[in-house]
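The values are calculated or read from the model by the stated rules, or taken from the named source; none is laboratory data. Model, not experiment: these values are computed from the prediction. Here the Cβ positions follow ideal geometry from the backbone for every residue, glycine too, while neighbour counts run over all protein chains shown. Side chains included, ligands, DNA and RNA excluded: accessible areas come from the protein's heavy atoms. Shrake-Rupley method; radii C 1.70, N 1.55, O 1.52, S 1.80 Å.
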Amino acid sequence: VFFDGVCHLCQRSVQFILKNDPHGHFRFAPLQGTTARERLPVDFLHADTASIVLLENGKIYHRSTAALRICRHLRWPAKALYAGMIFPRFIRDAVYRWIAHNRYRWFGKDETCWLPRPEWRQRFLD
């Protein structure tokens with residue numbers, strides 16, 4: 001999971017995933033980091049383009065599809081959010097883009113990337 005490392009909403013989302021991913025399915029890297037630069041196309045690396053990107057089995061998902069595909073691996077009741085896939089992607093992504101566009105204003109941002117708690121550090125890549 002690649003996330004905007006300076007966005008408070010994105011940081012909270014990563015913390016939510018960590019707390020609800022009992023099997024340790026996901027690894028994390030900030031979009032501003034080395035791992036993202038090595039593994040993602042350039043257009044995914046700008047914070048105003050995407051706030052969450054999922055690389056799963058060699059395929060890249062972004063916006064609402066990434067968020068919902070992540071949910072399907074989490075414990076209940078978060079897993080139920082995957083049902084949102086029934087809505088057409090253009091509708092899901094319109095809502096996602098609206099939230100992503102306003103995330104810094106609504107939730108704030110940091111000057112540097114957020115650092116995880118020590119017990120979660122092994123799940124993070126740079």
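In segment 11-30, the residues that are closer than 19 Å to Tyr82 by Cβ reach residues that are part of a strand (DSSP E or B) and open to solvent by 10 Å² or more (accessible area, probe 1.4 Å) with C-beta atoms within less than 8 angstrom, at least six apart or across chains, in these pairs: Ser13/Ile52. When Arg75 is tested against (1) more than 21 Å from Leu18 (Cβ to Cβ); (2) charged (D, E, K, R); (3) in a loop (DSSP other than H, G, I, E, B), only condition (1) is not met.
Residues in segment 1-33 that are in a strand (DSSP E or B) and out of contact with any Ser or Thr (no Cβ under 9 Å at 6 or more places or on another chain) were compared, and the one that is farthest from Lys79 (Cα to Cα) is Pro30.
Every condition in (1) touching a residue at least 12 places away in the same chain (Cβ under 8 Å); (2) surrounded by 14 or more Cβ atoms within 10 Å (Cβ to Cβ) holds for Trp106 except the one numbered (2). If you check Val6 against the conditions, is it at pLDDT 90 or above and in contact with a strand residue (DSSP E or B) (Cβ under 7 Å, 6 or more places away or on another chain)? No.
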